[in-house]
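**Q** Let me give you the structure first, and then I'll get to my questions.
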Amino acid sequence: MLASLGTLPELGRQLSGLGGCTRPVRLDGHRTEYAVDRTTGEIGRVLHHLDSSALPAGQLLVRCNNRRATRCAACAETYRRDTYHLITAGLRGGKGTPERVATHPRVFATFTAPGFGPVHNHPSGGRPCRCGIRHDDQDPALGTPLDPDTYDYEAAVLWNAHAGALWQRFSIYLRREVAKRAGLTQRDFRDHARVSFAKVAEYQKRGAVHFHAVIRLDGPEGGETAPPAWATAELLTDAIRVAAAAVRVDGPEIDGRRHTFVFGRQLDVRTIRSTDFTGGQDLTERAVAAYVAKYATKGAETATGTLDRPIRFLAELAQARITEHARRMIRTAWTLGARPELADLRLRAWAHMLGFRGHFSTKSRRYSTTLGALRDARTEWRRAQAAPAVDTGQETTLVLAHWVFAGTGLSGAESWLAATLEPAPGTEGEPTA
Ligand SMILES: [Zn+2]
Ligand SMILES: [Zn+2]
């Protein structure tokens, strides 16, 4: 370790560029940027050359970009902030989304799962739980079944596995309900308005997925166009309630039992305001963006106490430090995963997610910018910081790069050095596009 003492400051600089990522991807290879004459297309001088072997760590280190806080705290924080910007852009504009979206009807809705059996809770009014105990907020028993032997684990896991399909169908029903209220056919609806949304999945303590969604009514071209006069938050709320109550997805038949999946009766829909002048049930843009961003970085492991990575053998559960409830959810998913008729649910691969295999956060195309766009903007911004672009108007650039995967993580010495580094100023900065 000390043999490389001479290069420590350089290595420190490279590591600080990771912004605290502790599980970076390591790449071998090179990248060369050439100037190209705009008119002749001739490749000219080398503007920039990077060879991984010449780097202090001997390899290019790239942030892992894992969204889970339990896997990489620094990258999860970046993901959280990107999600915040993405949601905010869809609420008040910015980053390519027009500011006029702030005037469109917008609501924040939470969709829950139905019950699969009684669980420990704290009822309102200070009454004790059905087990007789007044659980405090930190009690790990909260959300776990009162009687695990009668709790419907099979339906609970299968519900998670169908939650994505249920949402998908809900979004179709919602358009239909909005159109109906506007007196339009579904075909005509598109010429008048669009429904845009951004949603995140969150696990409740009982291990059931629920969805939080920002839902917005736009004009026919999305955020750029004004919604029709009939488009109000009240109409949208009403349509959401009816669509959520009506939607159902037929599931498999298992041992003579036919499963169908619906949302739980608990549905919360609130109007989103630019500022909190009502002081009532409405939510502010800021509160909604912060809430969604926070849940985007949580997996099942945070709320339910399950695993943050897939299992390969059921025997791994014996070693895992997880709750008994999570263990039963995972075991149920694993067991169901052996059934050929459920193959497309891939329940073994997603057992650690308690059956849910959907994307953690999704949005409709017209909601706002994408996480990828934000990431590209940040990469471009960093590159610009490192080597100011030469733009003579005459030249454009050509980049030739070749990288091969060489592993993940940091060496012992690198981890030690990275831990001693303060986050470098600037590395966490956001592009202000
Ligand atoms: Zn990372
Ligand atoms: Zn209880």
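**Q** Would you say residue 49 is in contact (Cβ under 8 Å) with a residue 24 or more places away in the chain, on the phi < 0 side of the Ramachandran plot and not in a loop (DSSP other than H, G, I, E, B)?
**A** On the way: in contact (Cβ under 8 Å) with a residue 24 or more places away in the chain: no; on the phi < 0 side of the Ramachandran plot: yes; not in a loop (DSSP other than H, G, I, E, B): yes.
Here the answer is no, as residue 49 does not meet what is asked.
**Q** Right, residue 36: in the same structural domain as residue 267 (by TED's automatic domain parsing) and among the β-branched types (Val, Ile, Thr) or not?
**A** No.
**Q** Now, a different point. For segment 112-159, give me the residue count where each residue is more than 13 Å from ligand 2 (Cβ to nearest atom), assigned to a loop (DSSP other than H, G, I, E, B), of a type in the set (Val, Ile, Thr) and within 29 Å of residue 213 (Cα to Cα).
**A** Final tally of qualifying residues: 1.
**Q** Is one or more of the residues making up segment 156-170 touching a His at 6+ places or on another chain (Cβ under 6 Å) and of a type outside the set (Ser, Thr, Tyr)?
**A** Yes - at least one qualifying residue is present in segment 156-170.
A quick yes/no check of all residues on (1) among the hydroxyl-bearing types (Ser, Thr, Tyr); (2) within 16 Å of ligand 1 (Cβ to nearest atom):
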position: 68; (1), (2): no, yes
position: 102; (1), (2): no, no
position: 107; (1), (2): no, no
position: 123; (1), (2): no, no
position: 134; (1), (2): no, no
position: 150; (1), (2): yes, no
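**Q** Could you say whether any residue in segment 78-98 is under 30 Å from residue 227 (Cβ atoms), modelled with pLDDT of 95 or more, outside any loop (DSSP other than H, G, I, E, B) and away from ligand 1 (no atom under 16 Å from the Cβ)?
**A** Checked segment 78-98: no residue is under 30 Å from residue 227 (Cβ atoms), modelled with pLDDT of 95 or more, outside any loop (DSSP other than H, G, I, E, B) and away from ligand 1 (no atom under 16 Å from the Cβ).
**Q** Would you confirm whether or not segment 20-29 contains a residue that is touching a helix residue (DSSP H, G or I) at 6+ places or on another chain (Cβ under 6 Å) and within 16 Å of ligand 1 (Cβ to nearest atom)? Explain how you work it out, then say what you get.
**A** Pass one, segment 20-29, residues touching a helix residue (DSSP H, G or I) at 6+ places or on another chain (Cβ under 6 Å): 20-21, 28-29.
Cutting the leftovers down to within 16 Å of ligand 1 (Cβ to nearest atom) gives us 20-21.
Taking every residue of segment 20-29 in turn, at least one turns out to be touching a helix residue (DSSP H, G or I) at 6+ places or on another chain (Cβ under 6 Å) and within 16 Å of ligand 1 (Cβ to nearest atom).
**Q** Report whether or not residue 70 is touching a residue at least 60 places away in the same chain (Cβ under 8 Å), closer than 16 Å to residue 292 by Cβ, surrounded by fewer than 20 Cβ atoms within 10 Å (Cβ to Cβ) and more than 16 Å from ligand 2 (Cβ to nearest atom).
**A** The answer is no for residue 70.
**Q** Another question, if that's okay. Please note which helices (runs of 4 or more DSSP H) are completely contained in segment 238-353 and include at least 3 residues that are in the same structural domain as residue 164 (by TED's automatic domain parsing) and at pLDDT 90 or above.
**A** The qualifying helices (runs of 4 or more DSSP H) are 324-336.
The values are calculated or read from the model by the stated rules, or taken from the named source; none is laboratory data. Here the structure is a predicted model, which means the values were calculated and not measured. A quick note on method: Cβ atoms are made from the backbone with ideal geometry, for glycine too, and the neighbour counts reach across all protein chains shown.
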